[in-house]
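Just below is one structure, and these are the notes that go with it.
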Amino acid sequence: MLNIDLHSHSWCSDGLLAPQELVARAASNGAKALALTDHDMVSGVVEAREACEKAGIHFVPGVEISITWGGRSVHIVGLQVDENNQDFISKLDANRSGRVERAVEIGRRLEQLGIPGAYEGVVEQVSDPIVISRKHFSRFLVDAKICSTTTEAFEQYLKKGRPAYVFHEWTTLDKAVGWIKDAGGIAVIAHPGRYEISETSLLALFDEFKQLGGAGIEVVTGSHSRDLYPYFAELAKRYGFLASAGSDFHAPGETYLDVGKLPPLPDGLTPIWKDWF
Ligand code: AMP
Ligand code: MN
Ligand code: MN
Ligand code: MN
C-alpha cells in the first residue's frame with residue numbers, strides 16, 4: 001500500500017510545525033503522499049505543495065471544516081479542493097469568525113475554575129486570534145502544569161460536558177459538503193469514532209452525508225482508537241464509502257500516529273486515493 005497521510009495540520013491552524021517542517025517530517029517517515037487539512041483554511045497549502053514537490057511527495061490540497069450536526073461539532077475533511085477558489089476561501093473565513101468570542105468565553109470559564117490568564121496565554125501561541133482552537137487551550141493547560149497531557153485537558157475541561165466547554169454553532173453538513181464540491185473537492189467524515197454519539201445518530205449522520213454526495217470516511221485515523229478501525233471498515237463497505245487514512249498529526253508526541261506513519265487500511269476497502277497518482 002502507498003504510504004499516504006490524508007489528514008494533517010500546520011501552525012497555520014492548530015498544529016505546531018510550519019508547513020515545510022510538516023512535509024519534512026512526513027518525508028522522513030517515508031510518506032509518498034500527503035494532504036494538509038488545516039481547520040477552515042487553506043493558507044498553508046501553497047507552502048506545503050512547494051515543499052512536497054521538492055521532497056518528491058504527491059501533494060493533496062485539503063481542509064477540515066467544522067460543522068454543527070445534532071448539537072455537536074463534527075469535522076468534514078475536503079480533499080483535492082482548489083485553494084485559489086475565492087468563494088470557498090470567503091466561506092471558510094466566515095466559518096472561523098466566532099472563534100475569538102468563544103476563546104474569550106473559554107478563558108472566562110477557566111478563570112472561574114481558578115485558572116487565570118488562559119486567553120492571554122493562548123493568544124501568545126497564535127499569529128492571529130481568529131485561529132484559536134481548543135487545542136491551543138489544551139497546550140496552555142499542559143504548559144501551566146494543570147494537566148499532564150493535552151488529551152487529559154480535553155477530558156477534564158474542554159470537551160462537551162466539561163466545565164470549560166463552550167458551545168459554538170459552526171456551519172451545517174449540507175453547506176460544508178456543498179462548499180467542498182464547489183471547490184472541486186470530495187468530502188470525507190473525519191475521525192467518525194470521536195463524536196460520542198449513539199450508533200443510531202452516527203448512522204443517521206452517514207445516511208445524510210451519503211445523500212448529500214459525501215464520498216468517504218476515515219477508517220484509519222490518529223484521532224480515535226485503533227480498536228475502532230474494523231468497525232468503521234465494515235461501515236465503509238456497508239455504505240459504499242471510499243476509505244481514507246490520516247494521522248490528524250498536530251505536533252510531535254500529541255497523537256499516537258506520527259505524520260506519514262500509518263498502519264495499512266483493513267482489507268476489502270476502496271482507498272479514496274485509488275485514481276489519484
Ligand atoms: P475546536 O475547533 O476549537 O473545537 O477544537 C477542536 C480541536 O481540538 C481539534 O481539531 C483537535 O485538534 C482537538 N481535539 C478535539 N477533541 C479532542 C480530544 N478529545 N482530545 C484531543 N484533542 C482534541
Ligand atoms: Mn485540530
Ligand atoms: Mn478533527
Ligand atoms: Mn484534524
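Some points to look at:
- Restricting the range 24-58 to residues that are within 15 Å of ligand 4 (Cβ to nearest atom) and assigned to a loop (DSSP other than H, G, I, E, B) leaves a set whose member that is surrounded by the most Cβ atoms within 10 Å (Cβ to Cβ) is THR37.
- Tally, over the range 155-172, of residues that are touching a strand residue (DSSP E or B) at 6+ places or on another chain (Cβ under 8 Å) and surrounded by fewer than 17 Cβ atoms within 10 Å (Cβ to Cβ): 4
- Filtering the range 66-79 for residues that are surrounded by fewer than 17 Cβ atoms within 10 Å (Cβ to Cβ) and in contact with a His (Cβ under 9 Å, 6 or more places away or on another chain) leaves a non-empty set.
- The lone criterion from (1) under 22 Å from ALA24 (Cα atoms); (2) loosely packed, with under 14 Cβ neighbours inside 10 Å; (3) under 17 Å from the mean Cα position of the chain (by Cα) left unmet by PRO263 is number (3).
- Entry remark, the range 78-103: residues being of a type outside the set (A, V, I, L, M, F, W, C), closer than 23 Å to TYR165 by Cβ and either out of contact with any Asp or Glu (no Cβ under 8 Å at 6 or more places or on another chain) or not in a helix (DSSP H, G or I) (or both) number 5 in total.
- Any hit, the range 246-258, residues being of a type in the set (Gly, Ala, Ser) and assigned to a strand (DSSP E or B): yes
- Members of the range 222-275 that are more than 16 Å from ligand 1 (Cβ to nearest atom), touching a helix residue (DSSP H, G or I) at 6+ places or on another chain (Cβ under 7 Å) and under 21 Å from SER13 (Cβ atoms): GLY260
- Tabulated pairs, the range 179-196, first at pLDDT 95 or above, second part of a loop (DSSP other than H, G, I, E, B) and within 16 Å of ligand 2 (Cβ to nearest atom), C-beta under 7 angstrom, 6+ apart or interchain: ALA190/HIS7; HIS191/SER223; HIS191/HIS224; HIS191/ASP248; GLY193/HIS224; ARG194/SER223; ARG194/HIS224
- Scanning the range 59-77 for residues that are under 26 Å from LEU265 (Cα atoms), modelled with pLDDT of 95 or more and part of a loop (DSSP other than H, G, I, E, B) turns up nothing.
The values are calculated or read from the model by the stated rules, or taken from the named source; none is laboratory data. These numbers were taken from a predicted model, which means no experiment stands behind them. So basically every Cβ, Gly included, is an ideal-geometry build from the backbone, and we count neighbours across all protein chains shown.
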